[in-house]
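A short write-up of the structure that comes next.
The values are calculated or read from the model by the stated rules, or taken from the named source; none is laboratory data. Bear in mind the structure is a predicted one, so any value in this text is a computation, not a measurement. With ideal geometry, Cβ positions are generated from the backbone for all residues, glycine too; neighbour counts draw on all protein chains shown.
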Amino acid sequence: MSVIISRLYDSYSAASQVVGDLEAAGLPYADISIVSSNADNWYTPKKAAATGKIDRDGSGIDDRVEGAETGAGIGAAIGGGAGLLAGLGLMAIPGIGPVVAAGWLVATAVGAVAGGTTGGIIGALTQTGISKEDAEAYAEGVRRGGTLVTARVPDMDRGRFESIMNRSGVNIRDRAAVYRKAGWTRFDPSASPYSAEQARKEREMYSRL
């Protein structure tokens, strides 16, 4: 029996490290999903193809390497086209805008969007058992520049994988409370996507909290 764990991260680099750590700990990449805001256009297929790497934090090191542990972890993350982060692609989600995404949850969300269902990411999350309230907060978090990682893990190993995902993860209930204090009530699939400047300011605000 498997359980679903979702966490929001304020930076793609933190999320990619968690993905690498999950794979290094033995979780198959087929059981992990990542959805990251591309409001600031940090990822384009041309850029990834031209440089051969994904380097959102400007460190000069491929984020997929930074996000993996040594040895087998690096092999899992970037070797031979395997690993979740090797399969990143662009898509658009109503109310969120452009995202960089990969994994099983994304396929479910894409199916919802293709079928004309707005807020496909929320439907995908609620299908896994996540409450609608939390799903809306996760979607809003991605809209505001964040990155969502969702993993299917064996029930017996939940604590081990949960501890990995808690590293740098946002407490979604606390974050939703911050959103509500500023006037947010629920995720709106017809809302305008955040601009690069709005996403940058949002990340800066949380880095000071």
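Residue by residue, here is whether (1) among the β-branched types (Val, Ile, Thr); (2) without any contact (Cβ under 8 Å) to a residue 24 or more places away in the chain; (3) within 14 Å of residue 15 (Cα to Cα) holds:
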| site | (1), (2), (3) |
| --- | --- |
| 136 | no, no, no |
| 142 | yes, no, yes |
| 148 | no, no, yes |
| 153 | yes, no, no |
| 159 | no, yes, no |
| 167 | no, no, yes |
| 173 | no, no, no |
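Among residues belonging to the stretch 185-204 that are surrounded by 12 or more Cβ atoms within 10 Å (Cβ to Cβ) and hydroxyl-bearing (Ser, Thr, Tyr), point out the one that is nearest to residue 3 (Cα to Cα). If we take residues in the stretch 185-204 being surrounded by 12 or more Cβ atoms within 10 Å (Cβ to Cβ) and hydroxyl-bearing (Ser, Thr, Tyr), then 194 is nearest to residue 3 (Cα to Cα). Inclusion of residue 193 among residues that are of a type outside the set (A, V, I, L, M), within 18 Å of residue 38 (Cβ to Cβ) and out of contact with any strand residue (DSSP E or B) (no Cβ under 6 Å at 6 or more places or on another chain) is not warranted. Just one residue in the set 182, 135 is surrounded by 14 or more Cβ atoms within 10 Å (Cβ to Cβ) and either charged (D, E, K, R) or out of contact with any strand residue (DSSP E or B) (no Cβ under 6 Å at 6 or more places or on another chain) (or both); that residue is 135. Restricting to the stretch 184-209, what's the tally of residues that are touching an Asp or Glu at 6+ places or on another chain (Cβ under 8 Å) and either β-branched (Val, Ile, Thr) or under 15 Å from residue 92 (Cα atoms) (or both)? Number satisfying all stated conditions: 1. Within the stretch 80-130, if we keep just the residues that are of a type in the set (Ser, Thr, Tyr) and at pLDDT below 85, the residue that is surrounded by the most Cβ atoms within 10 Å (Cβ to Cβ) turns out to be 108.
Would you pick out the residues in the stretch 19-31 that are crowded, with 24+ Cβ neighbours inside 10 Å and either closer than 21 Å to residue 200 by Cβ or not acidic (Asp, Glu) (or both)? Across the stretch 19-31, the qualifying residues are 19, 20, 22.
Residues in the stretch 161-177 that are surrounded by 14 or more Cβ atoms within 10 Å (Cβ to Cβ) and either at pLDDT 95 or above or at negative phi (or both): 161, 162, 164, 165, 169, 170, 172, 175, 176.
Here residue 73 fulfils each of the conditions (1) farther than 12 Å from residue 100 by Cβ; (2) at pLDDT 95 or above apart from (2).
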